[in-house]
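Contents: one structure, followed by commentary.
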Amino acid sequence: MAEPTVPAIFDVYRYDPAIDREPRYQRYTLDLAPHTPVLSALLRIRAEIDPSLTLRYSCRSAICGSCAMQINSKSRLACETHIGPEMERHGRIVVEPMRNQAVLRDLVVDQASFWRQYSLVEPHLKLDPAHPMPEGEPTSMTPEEVERFKETPRCIACAACYSACPAVEADAGFPGPMALAKLYRFVVDPRDHARQDRLVRIQPNGLWLCLRCHLCTEACPKDVRPSERIRDLKEMAIAVQGATENGSRHAVGFKDNIEDRGLLNEMRLVRQTYGTLGMLGQVGQGLRIVRKKPEIMRRPHAIEGVDELQKIYEALDPEEPK
Ligand code: FES
């Protein structure tokens, strides 16, 4: 029996910088079975309707990572995104190239920046030159040590996380979620000799630009959960170097504010983040906030039951001196 089909509407981003002044969207309508992957639909469009449609793919099995694109505004693998749920949810399927990378043509982007950031974190073991591993001998690790980075080897470098990341969009110097997840993998590897150096060097390069929006984790098709690995790196960087960046000082100040009174004291937090002198640069912004929210100038007070809150902090971090 023939499988039932649904009319599927595709609005596909088209742009050839060599001939087009600006991008446009081209509509194609096909009758397809609901479980058809978006990639298969695009290949059919290319084979039967428009041979000029340009896209990148290889394995068609969610392994190679080359078919990542924006599908209804989400960074996804086209070979594992089925048309049925997309049509049900959105009434059409908008297909666009990945974000944060220049378009070469239609759905193909230039991944040079993504790979440059990856190479900058030096994603390979750095051994102690004074104690090189004996050649040909295996190095052993405990199951607990391996467990610490069990997710990161799943990464297929599809760049869906890089495309979804607002910090990359805001600052091209931000390494991006995949590069930071790879960095984490070597920082927690007990055989790596450069742990401390890696953590110190990554901080000025924008570790703290991560907003913890978790869009990278949502986009990752392999559940690498890069945002959680970035959180771990931040904690380890503070442990190694202390709070030396605006971002780390802000994080520590935020925690201290809540722990002390259960409420955020914005004035105190700005001072903790930028220092007394650095506050001068924030005066304009501060005045705008005070105009909108005058209550922040009220004398800070502790919430009722703040001692209960402090017990939670104590239970979470019994080592920290009070
Ligand atoms: S074609 Fe390889 S991951 Fe989709």
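The values are calculated or read from the model by the stated rules, or taken from the named source; none is laboratory data. Everything quoted here is computed from the prediction, not taken from an experiment. Cβ atoms come from the backbone with ideal geometry, glycine included; neighbour counts cover every protein chain shown.
The C-beta contact set for segment 66-89 (first residue more than 13 Å from LEU55 (Cα to Cα) and in the same structural domain as ILE45 (by TED's automatic domain parsing), second residue near the ligand (Cβ under 9 Å from one of its atoms) and among the small types (Gly, Ala, Ser), distance under 8 angstrom, 6+ apart or interchain) comprises ILE71/ALA78; SER75/ALA68; ARG76/ALA68; GLU80/ALA62.
Quick one: which residue in LEU287, LEU269 is surrounded by fewer than 11 Cβ atoms within 10 Å (Cβ to Cβ) and without any contact (Cβ under 8 Å) to a residue 24 or more places away in the chain? Spell out how you get there, then give the answer.
Values: LEU269 fails: surrounded by fewer than 11 Cβ atoms within 10 Å (Cβ to Cβ).
Answer to the check: LEU287.
Would you say ARG148 is basic (Lys, Arg), on the phi < 0 side of the Ramachandran plot and within 16 Å of the ligand (Cβ to nearest atom)?
On the way: basic (Lys, Arg): yes; on the phi < 0 side of the Ramachandran plot: yes; within 16 Å of the ligand (Cβ to nearest atom): no.
It is false that ARG148 is basic (Lys, Arg), on the phi < 0 side of the Ramachandran plot and within 16 Å of the ligand (Cβ to nearest atom).
Can you find even one residue in segment 127-140 that is within 16 Å of the ligand (Cβ to nearest atom) and either under 18 Å from LEU39 (Cα atoms) or not aliphatic (A, V, I, L, M) (or both)? Checked segment 127-140: no residue is within 16 Å of the ligand (Cβ to nearest atom) and either under 18 Å from LEU39 (Cα atoms) or not aliphatic (A, V, I, L, M) (or both).
The residues in segment 176-207 that are modelled with pLDDT of 95 or more, out of contact with any Pro (no Cβ under 7 Å at 6 or more places or on another chain) and closer than 30 Å to ASN72 by Cα can be counted, and the count is 2. Taking ARG154 as the residue in question, decide whether it is within 22 Å of GLU218 (Cα to Cα), within 16 Å of the ligand (Cβ to nearest atom) and not assigned by TED's automatic domain parsing to the domain that holds SER66. Yes: the conditions hold for ARG154. Filtering segment 17-52 to residues that are part of a strand (DSSP E or B), over 18 Å from ARG105 (Cα atoms) and in contact (Cβ under 8 Å) with a residue 24 or more places away in the chain leaves ASP31, LEU32, PRO37.
When you go through ALA157, ALA164 one by one, which is the residue that is among the aliphatic types (A, V, I, L, M), crowded, with 17+ Cβ neighbours inside 10 Å, touching a residue at least 40 places away in the same chain (Cβ under 8 Å) and touching a strand residue (DSSP E or B) at 6+ places or on another chain (Cβ under 6 Å)? Criteria check complete, one pass: ALA164. So which of VAL109, VAL121 is modelled with pLDDT of 95 or more and buried (at least 16 other Cβ atoms within 10 Å of the Cβ)? The unique qualifying residue is VAL109.
Of all residues being assigned to a strand (DSSP E or B) and among the hydrophobic types (A, V, I, L, M, F, W, C) in segment 1-16, which is farthest from MET98 (Cα to Cα)? Just the residue, please.
Of the residues in segment 1-16, the ones assigned to a strand (DSSP E or B) are 6-14.
Filter once more, so that each one left must be among the hydrophobic types (A, V, I, L, M, F, W, C): 6, 8-10, 12.
Details: VAL6: 27, ALA8: 22, ILE9: 20, PHE10: 17, VAL12: 13 Å.
Once the filter is applied, the top-ranked residue is VAL6.
Would you confirm whether any residue within segment 76-87 is in contact with a strand residue (DSSP E or B) (Cβ under 9 Å, 6 or more places away or on another chain), within 15 Å of the ligand (Cβ to nearest atom) and acidic (Asp, Glu)? For segment 76-87, residues in contact with a strand residue (DSSP E or B) (Cβ under 9 Å, 6 or more places away or on another chain), within 15 Å of the ligand (Cβ to nearest atom) and acidic (Asp, Glu): present. Given the condition surrounded by fewer than 15 Cβ atoms within 10 Å (Cβ to Cβ), out of contact with any Pro (no Cβ under 7 Å at 6 or more places or on another chain) and under 23 Å from ASP223 (Cα atoms), answer yes or no: does some residue in segment 33-54 qualify? Yes: segment 33-54 contains one or more residues that are surrounded by fewer than 15 Cβ atoms within 10 Å (Cβ to Cβ), out of contact with any Pro (no Cβ under 7 Å at 6 or more places or on another chain) and under 23 Å from ASP223 (Cα atoms).
The residues in segment 200-230 that are in contact (Cβ under 8 Å) with a residue 40 or more places away in the chain and of a type in the set (Asp, Glu) can be counted, and the count is 2.
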